[in-house]
Amino acid sequence: IDAPAELKVLLTRYLDLARLAQLRDDEALDDTEWRRLTAAAPAQARELLQTEGYFEPQITVQREPGLPVRVKLSVAPGPRVKVSTLNVQVQGPLADQVAADDAAARQLNLDLQHRGPLHPGLSFRNATWGETKLQWLTTLRAAGYAAARLGQSTARVDVASGSVTLDGEVQSGPLF
């Protein structure tokens with residue numbers, strides 16, 4: 001795998017084609033299976049790279065003739081998308097308290113907007129998006145909303161502008 005170091009680790013760990021290096025000699029694949037895995041590798045690599053925020057990678061796969069079978073996957077990841085907007089909407093009793101102009105509820109709602117490691121201007125990573133949503137829940141639960149849970153969340157990527165808009169919803173549940 002010819003790719004930047006952090007992406008090489010990701011691809012080596014999860015790409016089906018790369019994991020073949022771990023097969024024992026008595027587990028050899030036939031030519032049909034090699035062709036299938038080689039053909040599937042670019043799409044699978046693209047999906048893995050998207051989890052790291054790369055939505056325009058250039059991926060090539062070359063199978064060298066002869067035995068043992070050798071396949072080279074080359075990756076030029078392209079630009080990483082950046083977060084343009086991050087919105088969190090609160091539903092449930094906390095939202096009702098915010099609407100009733102409760103100062104503590106307004107402050108908690110404001111705190112949620114700034115929780116988590118992902119903010120506008122930063123590079124998008126799916127793992128960081130997940131961590132941000134978890135921190136929203138942690139914040140609510142620490143404030144007494146022990147039944148808080150995640151609602152819907154979306155990541156809308158605009159490849160042309162290199163940006164992603166993130167929207168999340170949390171259901172506060174009652175204040176305990």
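The values are calculated or read from the model by the stated rules, or taken from the named source; none is laboratory data. Please read these numbers as outputs of a predicted model, since none were measured by experiment. Here the Cβ positions follow ideal geometry from the backbone for every residue, glycine too, while neighbour counts run over all protein chains shown. Surface areas here come from the heavy atoms of the whole protein model, side chains and all, with no ligands, DNA or RNA. Shrake-Rupley method; radii C 1.70, N 1.55, O 1.52, S 1.80 Å.
Some observations on this one:
- Residue within region 84-101 that is modelled with pLDDT of 95 or more, out of contact with any Gly (no Cβ under 6 Å at 6 or more places or on another chain) and more than 30 Å from residue 156 (Cα to Cα) present: yes
For every residue, the table says whether it meets (1) under 14 Å from residue 71 (Cβ atoms); (2) at pLDDT 95 or above.
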site	(1), (2)
4	no, yes
11	yes, yes
23	yes, no
28	no, no
37	yes, no
44	yes, yes
56	no, yes
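- Within region 139-176, considering residues that are part of a helix (DSSP H, G or I) and free of Cβ contacts under 8 Å to residues at least 12 places away in the same chain, the one surrounded by the fewest Cβ atoms within 10 Å (Cβ to Cβ): 142
- Pairs with Cβ under 7 Å, 6+ apart, first in region 30-51 and open to solvent by 60 Å² or more (accessible area, probe 1.4 Å), second assigned to a loop (DSSP other than H, G, I, E, B): 46/57
- Entry remark, region 120-136: residues being open to solvent by less than 20 Å² (accessible area, probe 1.4 Å) and more than 14 Å from residue 83 (Cα to Cα) number 1 in total.
- When residues of region 52-79 are limited to those that are surrounded by fewer than 18 Cβ atoms within 10 Å (Cβ to Cβ) and touching a residue at least 60 places away in the same chain (Cβ under 8 Å), the one nearest to residue 9 (Cα to Cα): 74
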